[in-house]
Structures are given as structure tokens and as C-alpha cells.
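Presented below is the structure to which this report refers.
Only the coordinates and a few stated rules stand behind these numbers; no lab work does. Keep in mind it's a predicted model, so treat the numbers as computed, not measured. Please note: Cβ atoms are built from the backbone with ideal geometry, for glycine as well, and neighbour counts cover all protein chains shown.
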Amino acid sequence: MKTTNWKDFAELIGITAIVASLIFVGLQMRQEQKIALAEAYNSTLMSRFELSEAFKDDVGIWLAGSSGQELSDEERAKFELLVYQLNDNWFFMYTQLRQLQSEEELQFMVNRFARILYNNPGALEVWRANEAAYTENDLLFDSARPSQYWPDAVAESVSNLERKDVPRDRGALIDF
């Protein structure tokens, strides 16, 4: 009987150790996810800063191009680059966060970017003209197999705004 008690006691200690190690692993995974999310947000902040610097240098071109005014060839090239940088900024935020966030939070990001395009018709026109290039970018970063690719999600969100005929907010020229 003493052998059985010793054996039961050893099994109890083993089970307790396994449960404790699982709890530790779970806490460690939660901490690593928080760290990854913090790093993604930090990267996003730096990316937004760089984007705001680009827009600061060419704000007149952005204002003219986004409202559909006629641009010189040089201004048009700069404007298209600004739209491409804007898309890249939002796309890379989306890519970084798609493994850490829920589908609803990702859709919120898509909707915010779509709203920027919708509020700036000239930028929307340039974005639509280059949509195929954005799909190629998404295929390169297809590590998480999203339910919907970035340009498809953005195009659908813009279409929803257009279908509902949502008033454009010209006061919100851009939302980083």
C-alpha cells in the first residue's frame, strides 16, 4: 500500500508540473503576442511619420491631384507616387496586423483607407489605375492567407461608399 501511495503522489506531482508548465507557456505566448503587437504599432507609427514627411513636401500637389485638378507631367508623377506611398503605408499596416488582429479590426483598417480614397477622388482614380500592382504586392506577402486580398477588400469598401452615395468629407483630406 505504501508503494501505491508513493506512486499516486508521484503522478500527482507530475500532473501538477505539466499543468504549471502549460500555464507558463500560455502566459508566455500572450506576452509574446503583446510584444509583437507593440512592435507592429511602433512600425506603423514610424511608417506614418515617413508618409507625413512625404506629404508635407508635396502638399500642394496632393491637394490639386486629389481634387482632380490638371497637373503637369512632373506633378502627376509626384502625385501618383504619393498615392502609391499612401497605399503601401496602409497595406503594410494591414499585412503586419493580419496575423494579430481579428477580421473585424482588419476590415476597420480597410474601411478607413477606402474612406481616404473616397474623400479624394483624384487619388481614388490613380489607385484604381494601379490596382493590379497592389494585388501583386499582396501576393508577395501572402503569409497569412487572408480571406480577401487588400486591393479587393479596398475596392469593395469604396464600392459600398459609392453605392450608398455617402457625402464626401473634403475637410478630411487625409487620415494617417
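Some notes on this structure:
- Taking every C-alpha pair closer than 8 Å and separated by at least 6 residues, the mean separation divided by the residue count of the chain gives a relative contact order of 22 percent.
- Mean ellipticity per residue at 222 nm, deg cm²/dmol - from DSSP H runs of n ≥ 4 across the chain, formula -39500 (n - 2.57): -27000 deg cm²/dmol
- Rg to Rh quotient for the stretch 37-77, alpha carbon positions, Kirkwood Rh: 1.20
- Given charges at beta-carbon only (K, R positive; D, E negative), |dipole| of the chain in Debye: 900 debye
- Relative to its Kirkwood radius, the Cα radius of gyration of the chain gives an Rg/Rh of 1.27.
- Rounded to whole Hz, the Karplus (6.51, -1.76, 1.60) HN-Hα couplings of the stretch 66-78, x for glycine and proline: 6, 8, x, 5, 5, 10, 5, 4, 5, 5, 4, 5, 5
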